[in-house]
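Peer 1: Dumping the structure here so I can ask a few things about it.
Bear in mind that the values in this text are calculations on the coordinates, not laboratory data. Computed from a predicted structure; not experimentally measured. No Cβ is skipped: glycine too gets one built from the backbone with ideal geometry, and neighbour counts run over all protein chains shown.
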Amino acid sequence: MLSQDSFPVALLKQPIQKRVAYFKNYTMAHPKLLEAAQKLMQTLNEPAGVSLLFLFGPTGVGKSTLLRRTSQKLIEAALPALEKDKGRIPIAGIEAATPEFSNFDWKDFYLRALKAVEETFLDVPGRRITTLNLRMALENALRQRQLTVFYIDEAQNLGKVASGRKLRDQADCIKSLANLTGVQFVLAGTYDLLILRNLSAQLCRRSTDIHFSRYLANKAEDLRAFQGIVQTFQRHLPLPEQPDLLARWDYCYERSIGCVGILKDWLSRALVATLSDDATTLTYKHLERHAWSSEQCAIVLSEAKEGEDSLESHTTSTALRIALGLEVATIPSNRSAATSSQKRQRRAVGQPLPRRYPVGGG
């Protein structure tokens, strides 16, 4: 977390817009963010053949914040090199636009990417603009700018295609860009991004996963961390009187489902209302008035749990070892007895039970 215990007192004399801007721009290095950031930076610094990174988690967990923090770190690390080469860009990225007509628009993607790397391809008069030309221009720009990382936020939109057969083409296209340019691509998105992972052996070999999860109520350490986050946020709300959000931490968890990004946006809305009311502190009524509805939270939670469950349903190590031939599948010892018992019970209607009948006279 930041070393500053609370907001600068001088903010209390500033206009509402500046006080709200302070809180919106405030970030804290909470445990889940640090965990995901550490894995991301380690992979970027030591890729070991990895050219594609899938960063996924529930909506509002803080993926965009993580990308901004990573960009700042990479730019700071590259400052000495940037002094010598003004044209170099260590990291750039875009948000993948949602397609209007089912299929992801690659032409739009290339145009946005070229703008992000400050390419002048479009400034040449009379140049024909085709998807292939844009692709070639982006490849050249990525090499010339000497990018290390290019990130795609909301990358789950890549999976919006009319046919499931094209999903593999979407991921392969990004992988090809990474291979041809030597740039690492980070695909960040919700759990819908999972459908683009592991579509081929080649993609598995060249990619890695980073799960940025929410705080879970069934884990004691997660709840302690979440309570600490709530307490830190309440100290940084620029109000004359510090609110006691910690007393309502369970309500904060309920209406954010354990996602820090959702919690912060919610508190930002409540802060605006508090300042507009000229109140001295943020009350429970402000919280309740600007919280997501139970129905909205249930929808977000359902999608989050579906993604979490899909990650846990992977092939087990035992099944993999059996498939490799390292282990032999074992049959329970009571299976044969149970099978014979079932066979004895399968008789036609009216068929008597087997028994001994007397033979001979008498």
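Peer 1: Cβ under 10 Å from Ala225's Cβ, Ala225 left aside: what net charge do those residues give with Lys, Arg +1 and Asp, Glu -1?
Peer 2: Around Ala225, the surrounding residues sum to +1.
Peer 1: Compute the angle between helix 167-181 and the longest alpha-carbon principal axis of the chain, please, reported from 0 to 90 degrees and rounded to the nearest 10.
Peer 2: Roughly 50 degrees, rounded to the nearest 10.
Peer 1: Considering all alpha-carbon pairs of the stretch 261-308, what whole percent are spaced by more than 15 angstrom?
Peer 2: Considering the stretch 261-308, 51 percent of its Cα-Cα pairs are separated by more than 15 Å.
Peer 1: How do the peptides 175-185, 11-21 rank, highest first, by the average count of neighbouring beta carbon atoms within 10 Å per residue?
Peer 2: My ranking of the peptides, most packed first, is 175-185, 11-21.
Peer 1: With everything on Cα atoms, drop me the angle between helix 294-312 and the longest principal axis of the chain, reported from 0 to 90° to the nearest 10.
Peer 2: 60 degrees
Peer 1: Something else about it: Alpha carbon centre of the stretch 226-240 versus the stretch 269-290: separation in Å?
Peer 2: 14 Å
Peer 1: With an 8 Å Cα cut-off and a minimum separation of 6 or more residues, compute the relative contact order for the chain in percent.
Peer 2: 23 percent
Peer 1: For the chain, treating each Cα as an identical point scatterer without solvent, what Debye log10 I(q)/I(0) comes out at q = 0.09, 0.14 1/Å?
Peer 2: For the requested q values the scattering log ratios are -0.67, -1.24.
Peer 1: Sort Cys259, Cys204 by Cβ crowding within 10 Å, fewest neighbours at the top.
Peer 2: Exposure proxy ranking, most exposed first: Cys204, Cys259.
Peer 1: Taking the alpha-carbon set of the stretch 47-211, what are its Rg and Dmax in Å?
Peer 2: 15.7, 47
Peer 1: Calculate the translational D of the stretch 238-324 in whole µm² s⁻¹ from Stokes-Einstein, where the hydrodynamic radius comes from the Kirkwood formula applied to all Cα pairs, the temperature is 37 °C and the viscosity 0.692 mPa s.
Peer 2: For these conditions, the coefficient is 214 µm²/s.
Peer 1: May I ask for the Kirkwood hydrodynamic radius of the stretch 30-120, worked out over all distinct Cα pairs and given in angstroms to one decimal?
Peer 2: Over the stretch 30-120, the inverse of the mean reciprocal pair distance is 15.4 Å.
Peer 1: Anyone know which of Leu326, Leu267, Leu275 comes out most mobile in the 10 Å Cα GNM of the chain?
Peer 2: Ranking Leu326, Leu267, Leu275 by mean-square fluctuation puts Leu326 first.
Peer 1: State the Cα centre-to-centre distance between the stretch 47-73 and the stretch 157-219 in whole Å.
Peer 2: The stretch 47-73 and the stretch 157-219 have Cα centres spaced 12 Å from each other.
Peer 1: Given R₀ = 41 Å, what would the calculated FRET efficiency be for Arg289 paired with Arg112, taking r from the Cβ atoms and rounding to 0.05?
Peer 2: Calculated transfer efficiency: 0.65.
Peer 1: Turning to a different aspect of this structure: Please give the helix 106-116 orientation as an angle from the longest Cα principal axis of the chain, in degrees from 0 to 90, rounded to the nearest 10.
Peer 2: 40 degrees
Peer 1: Going highest first, how would you order 192-198, 319-325, 215-221 by mean Cβ packing within 10 Å?
Peer 2: 192-198, 215-221, 319-325
Peer 1: I've got another one for you. Quick check on my link table: of Lys32/Lys73; Lys115/Lys305; Lys18/Lys63; Lys264/Lys285, which ones sit more than 27 Å apart, alpha carbon to alpha carbon?
Peer 2: In this structure, Lys115/Lys305 exceed 27 Å between Cα atoms.
Peer 1: Right, here's the next one. Could you please tell me the mean projected area of the C-alpha convex hull for the stretch 1-66, averaged over all directions and given in square nanometres to one decimal?
Peer 2: Averaged projected hull area, Cα only: 6.2 nm².
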